[in-house]
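Structure first, then comments.
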Amino acid sequence: MIKKYGILAYPARHSLSPVMHNAAFKAMKMNAKYSAFEVAEKDLDVFFKIVRSEPIDGLSVSLPYKEKVIPYLDRIDDDARKIGAVNTIINIDGLLAGFNTDFLASSKAIFSDLGPKDHIPRKDPVAVVIGAGGAARAVCYGLLKMGVHVWVGNRTKSKADGIAIEFAEMFTDVEIHSVPMDDLGSGDFLVNTSSIWTLDSEAGVAELPYFCTPQYVKHFKVVMDICYRPLETPLIQAARLAGKHAITGDKMLLYQALDQFQLFTGEKAPVGIMRKALKEALVD
Ligand code: ATR
């Protein structure tokens with residue numbers, strides 16, 4: 001019997017997940033198919049009935065459903081519950097279990113390629129995280145788990161305050177504080193999780209915020225933007241101009257998919273195959 005997987009999102013048709021997972025299934029000669037499920041919110045109830053009846057064996061979950069799927073699940077993993085967002089669902093004999101592979105993916109993306117010149121102190125490293133949506137929650141959680149102190153800033157400050165209060169209760173060895181957007185401060189890592197480029201890409205961002213200038217970025221050692229369309233965001237460009245270690249959004253996208261593949265199939269993901277499929281899809 002063919003195994004069925006897919007991404008639940010709205011919109012879903014531009015997702016890069018099908019390309020990565022189908023390439024992996026093909027390379028590993030698995031009888032499995034990964035589709036895009038573009039489901040409107042009013043149809044979520046019906047969709048989850050279909051997931052159980054078909055059955056669909058596993059789902060990736062993306063915008064805007066990472067929080068909204070939680071009531072449909074029978075089980076939720078501890079990290080996903082604390083983050084408050086699920087990006088992976090697996091169907092185990094009719095029971096739907098939710099996981100979050102974004103938080104480990106973000107810290108792997110940040111820490112995996114650091115060279116000797118990046119000089120991150122072992123004790124008390126600090127990250128400034130921009131944004132306070134679902135992605136920011138996963139990134140902050142991943143960093144705190146790695147022992148990194150976090151200053152989180154968001155356009156709507158109350159949302160950053162909320163994350164800081166909530167996570168400060170969970171983590172006692174590391175600090176998390178909300179900071180104003182016009183005074184984000186400095187640190188070892190700067191991570192943009194906001195959808196500033198994604199949403200404004202067509203209109204163009206009229207004036208670059210100060211946090212995307214080489215003058216500001218120079219205060220950090222490592223800069224990551226989780227946006228992958230475009231890959232070379234103004235923040236990444238500023239980081240390159242300032243000679244900083246710049247990490248583009250395809251890294252986190254790949255790492256979350258690798259862990260997801262392992263949850264779906266129980267097999268280690270073919271990293272090279274999935275990386276190549278993603279790279280080719282991104283230049284299309
Ligand atoms: P995700 O799950 O990808 O994090 P989200 O929950 O919609 O998506 O969150 C989007 C984030 O990008 C929010 O922090 C949002 O700020 P607000 O809370 O003020 O809405 C931020 N964001 C979106 N557009 C922005 C812009 N033009 N400038 C700054 N921040 C922006």
| task | Give the residue, chosen from Ile120, Ile90, that is of a type outside the set (S, T, N, Q), away from the ligand (no atom under 16 Å from the Cβ) and outside any loop (DSSP other than H, G, I, E, B). | result | Ile90
| Test result for Met170, within 15 Å of the chain's Cα centre (by Cα) and either under 29 Å from Val61 (Cβ atoms) or within 14 Å of the ligand (Cβ to nearest atom) (or both) | no
| task | Residue by residue through the range 42-61, note down the ones that are part of a helix (DSSP H, G or I) and under 29 Å from Leu258 (Cβ atoms). | result | Leu44, Phe47, Phe48, Ile50, Val51, Arg52
| In the range 45-76, residue modelled with the lowest pLDDT [restricted to those that are closer than 13 Å to Val86 by Cβ and hydrophobic (A, V, I, L, M, F, W, C)] | Leu63
| query | Restricting the search to the range 224-270, which residues are within 15 Å of Tyr5 (Cβ to Cβ) and either in a strand (DSSP E or B) or among the hydroxyl-bearing types (Ser, Thr, Tyr) (or both)? | reply | Thr265
| Residue within the range 202-223 that is assigned to a loop (DSSP other than H, G, I, E, B), within 18 Å of Asp113 (Cα to Cα), of a type outside the set (Val, Ile, Thr) and touching a helix residue (DSSP H, G or I) at 6+ places or on another chain (Cβ under 6 Å) present | yes
| request: Can you confirm whether the range 65-88 contains a residue that is free of Cβ contacts under 8 Å to residues at least 60 places away in the same chain, over 29 Å from Val191 (Cβ atoms) and among the hydrophobic types (A, V, I, L, M, F, W, C)? | output: no
| request: Sort out which residues of the range 45-69 are surrounded by fewer than 17 Cβ atoms within 10 Å (Cβ to Cβ) and more than 14 Å from the chain's Cα centre (by Cα), and write them in order of number. | output: Asp45, Val46, Lys49, Ile50, Arg52, Ser53, Glu54, Pro55, Lys68
| Looking at (1) under 24 Å from Lys68 (Cα atoms); (2) within 15 Å of the ligand (Cβ to nearest atom); (3) hydrophobic (A, V, I, L, M, F, W, C), which is the one condition that is false for Ile165? | (2)
| task | Answer yes or no: is there a residue in the range 145-152 that is in a strand (DSSP E or B), more than 10 Å from the ligand (Cβ to nearest atom), within 20 Å of Ala85 (Cα to Cα) and at pLDDT 95 or above. | result | yes
| field | Looking only at the range 214-240, and only at residues there that are among the polar types (S, T, N, Q) and within 21 Å of the chain's Cα centre (by Cα), the one that is surrounded by the fewest Cβ atoms within 10 Å (Cβ to Cβ) | value | Gln237
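The values are calculated or read from the model by the stated rules, or taken from the named source; none is laboratory data. This one's a predicted model, so the numbers in the text were calculated from it and none came from an experiment. Here Cβ is always computed from backbone atoms with ideal geometry, including for glycine, and neighbour counts include all displayed protein chains.
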